[in-house]
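Just so you know, all these numbers are worked out from the coordinates, no wet-lab data involved. Owing to the predicted nature of the structure, the values given are computational and were not obtained by experimental measurement. Here Cβ is always computed from backbone atoms with ideal geometry, including for glycine, and neighbour counts include all displayed protein chains.
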Amino acid sequence: LPELNVENAQVREHLFKVAKFWLGEVGVDGWRLDVAHELPPSFWRDFRTVCTEANPEHVLLGEVIHGDYNTWVGPTKGLLHSGTNYQLSKALWSSLKEHNFWELDSAIQRDLMLYREMSLVNFLSNHDVARVATQLEDEPLLNKLAHFMLLTFRGTPCIYYGDEVGVKGCKEDGDAALRMKMVDPDVASGEWPAGGKELYDFIAKLVAFRNLHPALVCGAHQPLYHQNNEMVYARRTPDGSELLVIAVNSAAEHSHVEVAMGCLDKAPGTLLKCLWGDGADCGSINDEFKVRIHLPPYSGRIFTLSHVKEPASEGEAPEVAGK
């Protein structure tokens, strides 16, 4: 691609004119900006200004690969609204492949330290890297778990077309291997990979579940526990109206983990009710502010928390249902 001198006034005006045309006259919602980290932040600040004039509700998503994303992304600083989160996205699948959630914990801690106020775009595959179904082909069940974590982690999840049915592709085989045509939507076409329908249905149900729970959409992310194969984290809405606990097991064996819950400010007796996934009943937070969670092989579970109602005191009439 040609390199444009964005310091030149005529070049800038041309680019701004194009941006305003598509936003204002055509009506697109925003721009996905390739290699945004190659241009100075001052240019993106001016670019956003003219885009806002054309469509105040637009969104600017930048491809940012290297360096500190704060340089180019700053929704409250007049910079890009969001950017691609390569450092966290890589850890989402590689921590599963290597059975090393210490890597993912390090990535999310860094993310919370540097980008807590942003909602960056997380992904498992794109047109520049091997597809996640190829990365995890030695343990195919991990692919479903990777999408579970993508859709329950902080940030904005992005599913690369074909990943929803388990399409494979190696970067070493060239661009064509990563940018093949979309599979026929008819399952009977024979184009869907083995297990594709099951993966598609799982992702569709989880997306619908996510849309019903604001804690998964915009909630803060609180790490609670991790070992090589187990990870537990909480998501809480800014107003505290919803708190969810998510637990993951990437191993081929059942696991039972004891998790400290004191940082969630929930009293002993608070029940964990499972909303997603299978496994034994967890019961409630004990007097040491801990809870024991059962995790079947290759599983993800989502819990909501509700306090046990205190029993009626002596001489006090119990509540009657319906009153």
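Here is how the numbers come out for the structure above:
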quantity	calculated
Trypsin sites (Lys or Arg not before Pro) lying in DSSP loop within region 92-144, provided at most 13 other Cβ fall within 10 Å	Arg116
Region 1-46: C-alpha pair distances exceeding 11 Å, %	72
Neighbour-limited loop hits for GluC sites (Glu not before Pro), region 23-68 (at most 15 other Cβ within 10 Å; DSSP other than H, G, I, E, B)	Glu57
Radius 14 Å from Cβ of Asp46, net charge of other residues (Lys, Arg +1; Asp, Glu -1)	+3
Intensity falloff of region 190-233 expressed as log10 I(q)/I(0), Debye formula with alpha-carbon point scatterers, at q = 0.34 Å⁻¹	-1.03
For region 45-135, alpha-carbon Rg and Dmax in angstrom	15.0, 48
Sorted largest first, extent of region 14-87 alpha carbons per principal axis (Å)	36, 23, 19
Among beta bridges that DSSP assigns inside the chain, antiparallel share in %, nearest 5	75
Three-way shape call for region 162-266 based on the alpha-carbon gyration tensor, with the a/c threshold at 1.5	prolate
Shape box of region 73-198 [Cα atoms, principal axes, largest first, Å]	48, 33, 27
For region 213-261, diffusion coefficient by Stokes-Einstein and Kirkwood Rh (Cα), 37 °C, 0.692 mPa s, µm²/s	284
Net charge over other residues, Cβ less than 12 angstrom from the Cβ of Lys144 (K, R count +1; D, E count -1)	-4
Lys, Arg +1 and Asp, Glu -1 on Cβ, resulting dipole of region 130-268 about Cα centre, debye, nearest 20	440
Sum of -39500 (n - 2.57) over DSSP H runs of 4+, divided by residues of the chain (222 nm, nearest 500)	-9000 deg cm²/dmol
Kirkwood Rh and Cα Rg combined as Rg/Rh, region 237-281	0.98
Enclosed volume per residue, in Å³, of the convex hull spanned by Cα atoms of region 260-308	72
